[in-house]
Amino acid sequence: MTPIHTHTETVKAILNIKGIESVEEVSLEGETFEDNIFPMSNEGVHTRFTIRNVNTRALITNFFVNQKLTKEELEAECKSLSKDINKTINALI
């Protein structure tokens, strides 16, 4: 399934890996799809956000929303979520 809109923000985050804190570059990637990406969902899921370690590409967390965001909405949401990336990550994991 190909996204209709994508946006990525790259920021520094404090990650705690096995009890060791380090400052790492992370990417917050947003994707909006035309079709429902979870067919079993009654509401329809159209947008996915993924947070990854830039250097290792390791997945930190991801989450989905049922809204089909416009390109401008997706960009604004990515900027908002990445503004305080540590708070965003801690809220999701």
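The values are calculated or read from the model by the stated rules, or taken from the named source; none is laboratory data. Since the structure is predicted, the reported quantities are computational estimates derived from the model, not experimental observations. Counting neighbours? That spans all protein chains shown, and the Cβs are built from the backbone with ideal geometry, glycine included. Only protein heavy atoms, including side chains, enter the accessible area calculation; ligands, DNA and RNA are left aside. Shrake-Rupley method; radii C 1.70, N 1.55, O 1.52, S 1.80 Å.
Under 7 Å between Cβ atoms, which residue pairs at least 6 apart in sequence (or on different chains) link something in the stretch 8-20 that is touching a residue at least 24 places away in the same chain (Cβ under 8 Å) and within 11 Å of D84 (Cα to Cα) with a partner that is open to solvent by less than 90 Å² (accessible area, probe 1.4 Å) and hydroxyl-bearing (S, T, Y)?
Going by the 7 Å Cβ cut-off, the qualifying pairs are V11/S82.
Going through the stretch 50-74 one residue at a time, which ones are closer than 14 Å to H7 by Cβ, open to solvent by 70 Å² or more (accessible area, probe 1.4 Å) and either among the small types (G, A, S) or in contact with a His (Cβ under 8 Å, 6 or more places away or on another chain) (or both)?
Hit for the stretch 50-74 is K71, nothing else.
Does T47 satisfy being open to solvent by 70 Å² or more (accessible area, probe 1.4 Å) and touching a residue at least 24 places away in the same chain (Cβ under 8 Å)?
Spelling it out, it is not the case that T47 is open to solvent by 70 Å² or more (accessible area, probe 1.4 Å) and touching a residue at least 24 places away in the same chain (Cβ under 8 Å).
Give the stretch 1-42 a look and list any residue that's of a type in the set (A, V, I, L, M), touching an Asp or Glu at 6+ places or on another chain (Cβ under 9 Å) and open to solvent by 70 Å² or more (accessible area, probe 1.4 Å), or say none.
Listed by number, the residues that qualify are M1, I4, I14, I17.
Would you call K79 basic (K, R), open to solvent by 40 Å² or more (accessible area, probe 1.4 Å) and in a helix (DSSP H, G or I)?
It is true that K79 is basic (K, R), open to solvent by 40 Å² or more (accessible area, probe 1.4 Å) and in a helix (DSSP H, G or I).
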